[in-house]
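Asks: What follows is a single structure, and I will ask about it in a moment.
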Amino acid sequence: MPEPASPPTEAMTSTADAALAVLASSQFGAFSREQVFQAGLSRGQMIDRLASGLWVLIHPKVMIAATTPLSTATRAVAGLLYAGNRAIDRNSPDYFPFSVMNRVLGSGPASRLFLNLREDKGYTYGVGSNFVASRFNHHFSASTSVRTEVTGPALEELLKEFRDIRDRPVPAEEMANARRALVATWALSLEQPAGILNGRLVAREYGFPDDYQDKFGDNLMKVTTEQVQAVARKYVPVDNVQIVAVGDAAKIRDVLKKFGPVEEYNAEGQKVAGLSAGP
């Protein structure tokens with residue numbers, strides 16, 4: 001099996017975190033420094049993230065690659081990939097089916113993304129999916145760090161898993177394992193007072209009934225295969241997927257073009273002229 005990618009550097013991770021913050025807050029609009037502040041980053045935090053020399057952001061149905069001022073000798077040998085779109089808020093009736101779907105797809109070492117990209121292909125040390133469902137911030141994304149030379153194949157496999165969970169019903173055993181794992185995680189969270197308090201605070205913030213936490217496990221166990229496929233088709237993006245790639249633009253630019261038009265931004269958040277291209 002090929003050697004997995006090295007873990008991303010702190011600078012790369014910080015840059016990707018900043019990109020995702022803007023991605024969520026701007027609803028995929030044009031980049032501006034003001035949007036970074038609106039996303040909750042202080043000026044100092046923004047400077048720290050931009051200081052790495054890596055910056056990417058995404059526009060609707062547009063792939064964006066990053067440039068880097070690093071010397072050839074010190075260029076990153078690994079990059080970060082994010083793929084996702086907006087999803088559910090915390091009051092959505094799809095919350096529990098979405099939780100089970102995400103567990104099957106990309107949450108934990110038994111998930112499809114992990115078994116495919118790490119265990120089978122050896123493209124990465126870690127890969128997963130996650131969703132944020134709050135009052136104002138609600139998005140779904142899958143992410144991984146991969147060796148530069150497998151950027152294209154890794155992205156292809158990630159999107160293949162997106163399509164598969166939409167197109168095929170989850171087998172009964174896989175469904176049962178996902179539900180049980182989520183219930184076990186929830187139960188463990190109640191071992192500490194902080195977990196109990198957090199549950200009460202969530203219920204109060206979103207106007208849930210007093211017995212919401214008491215029925216949390218039951219609501220997870222009631223999720224059906226049909227519900228999981230329905231939320232996958234509704235929220236796991238394929239035709240409208242938004243992709244963020246952070247890495248050595250000189251090496252990944254052409255690879256990314258097969259997935260859609262590419263827009264490239266420099267460390268100042270400025271579009272690199274003459275480099276937008278697509279299939």
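The values are calculated or read from the model by the stated rules, or taken from the named source; none is laboratory data. Remember, predicted model here, so these are calculated numbers, not experimental data. Cβ atoms come from the backbone with ideal geometry, glycine included; neighbour counts cover every protein chain shown.
Asks: For SER141, are the conditions met, namely being surrounded by 15 or more Cβ atoms within 10 Å (Cβ to Cβ) and touching a Pro at 6+ places or on another chain (Cβ under 7 Å)? Working first, answer last.
Replies: Values: surrounded by 15 or more Cβ atoms within 10 Å (Cβ to Cβ): yes; touching a Pro at 6+ places or on another chain (Cβ under 7 Å): no.
Taking the combined requirement at face value, the residue does not satisfy it.
Asks: Still on this model: Taking the conditions exactly as written (at pLDDT below 90 and of a type in the set (A, V, I, L, M, F, W, C)), does VAL202 satisfy them or not?
Replies: Working: at pLDDT below 90: no; of a type in the set (A, V, I, L, M, F, W, C): yes.
Spelling it out, it is not the case that VAL202 is at pLDDT below 90 and of a type in the set (A, V, I, L, M, F, W, C).
Asks: So which of ARG233, ARG163 ends up being out of contact with any strand residue (DSSP E or B) (no Cβ under 9 Å at 6 or more places or on another chain), at pLDDT 95 or above and over 18 Å from ASP94 (Cα atoms)?
Replies: Unique residue meeting the criteria: ARG163.
Asks: Sticking with this structure for a sec: Any residue that is assigned to a helix (DSSP H, G or I), of a type in the set (D, E, K, R), touching a residue at least 24 places away in the same chain (Cβ under 8 Å) and surrounded by 17 or more Cβ atoms within 10 Å (Cβ to Cβ) - is there at least one of those in segment 121-137?
Replies: Restricting attention to segment 121-137, the residues satisfying the condition of being assigned to a helix (DSSP H, G or I) are none.
No: segment 121-137 contains no residue that is assigned to a helix (DSSP H, G or I), of a type in the set (D, E, K, R), touching a residue at least 24 places away in the same chain (Cβ under 8 Å) and surrounded by 17 or more Cβ atoms within 10 Å (Cβ to Cβ).
Asks: What's the total number of residues in segment 187-241 that are under 28 Å from VAL170 (Cβ atoms) and charged (D, E, K, R)?
Replies: Within segment 187-241, residues that are under 28 Å from VAL170 (Cβ atoms) and charged (D, E, K, R) number 8.
Asks: Here is a further query. Given the structure, is PHE98 in contact (Cβ under 8 Å) with a residue 24 or more places away in the chain, assigned to a strand (DSSP E or B) and aromatic (Phe, Trp, Tyr)? If you could, list the steps in order and put the result at the bottom.
Replies: Numbers: in contact (Cβ under 8 Å) with a residue 24 or more places away in the chain: yes; assigned to a strand (DSSP E or B): no; aromatic (Phe, Trp, Tyr): yes.
Here the answer is no, as PHE98 does not meet what is asked.
Asks: For segment 101-120, name all the residues that are without any contact (Cβ under 8 Å) to a residue 60 or more places away in the chain and part of a loop (DSSP other than H, G, I, E, B).
Replies: Selection gives SER107, PRO109, SER111.
Asks: Residues of segment 96-120 being within 13 Å of GLU161 (Cβ to Cβ), surrounded by fewer than 21 Cβ atoms within 10 Å (Cβ to Cβ) and of a type in the set (A, V, I, L, M, F, W, C), which ones?
Replies: LEU115
Asks: Please name all residue pairs, on different chains or six or more residues apart, with Cβ atoms under 9 Å, provided the first residue is in segment 188-214 and is on the phi < 0 side of the Ramachandran plot and the second residue is among the aliphatic types (A, V, I, L, M) and exposed (fewer than 11 other Cβ atoms within 10 Å of the Cβ).
Replies: Within 9 Å, the pairs are GLY195/LEU188.
Asks: I've got another one for you. Quick one: GLU149 ticks every box in (1) within 17 Å of the chain's Cα centre (by Cα); (2) at pLDDT below 95; (3) surrounded by fewer than 18 Cβ atoms within 10 Å (Cβ to Cβ); (4) within 20 Å of PHE259 (Cα to Cα) except a single one, so which number is it?
Replies: (1)
Asks: Same structure again: Among the helices (runs of 4 or more DSSP H) confined wholly to segment 163-279, which include 1 or more residues that are touching a Pro at 6+ places or on another chain (Cβ under 7 Å) and surrounded by 15 or more Cβ atoms within 10 Å (Cβ to Cβ)? Break it down into steps so the answer makes sense when it comes.
Replies: Details: elements: 172-189, 193-206, 216-221, 225-235, 249-256.
Counting at least 1 such residues, we get 225-235.
Asks: If you don't mind, there's one more thing I want to ask. What's the number of the condition THR151 fails, among (1) touching a Lys or Arg at 6+ places or on another chain (Cβ under 9 Å); (2) of a type outside the set (Asp, Glu); (3) not in a helix (DSSP H, G or I)?
Replies: Unmet for THR151, out of (1) touching a Lys or Arg at 6+ places or on another chain (Cβ under 9 Å); (2) of a type outside the set (Asp, Glu); (3) not in a helix (DSSP H, G or I): (3).
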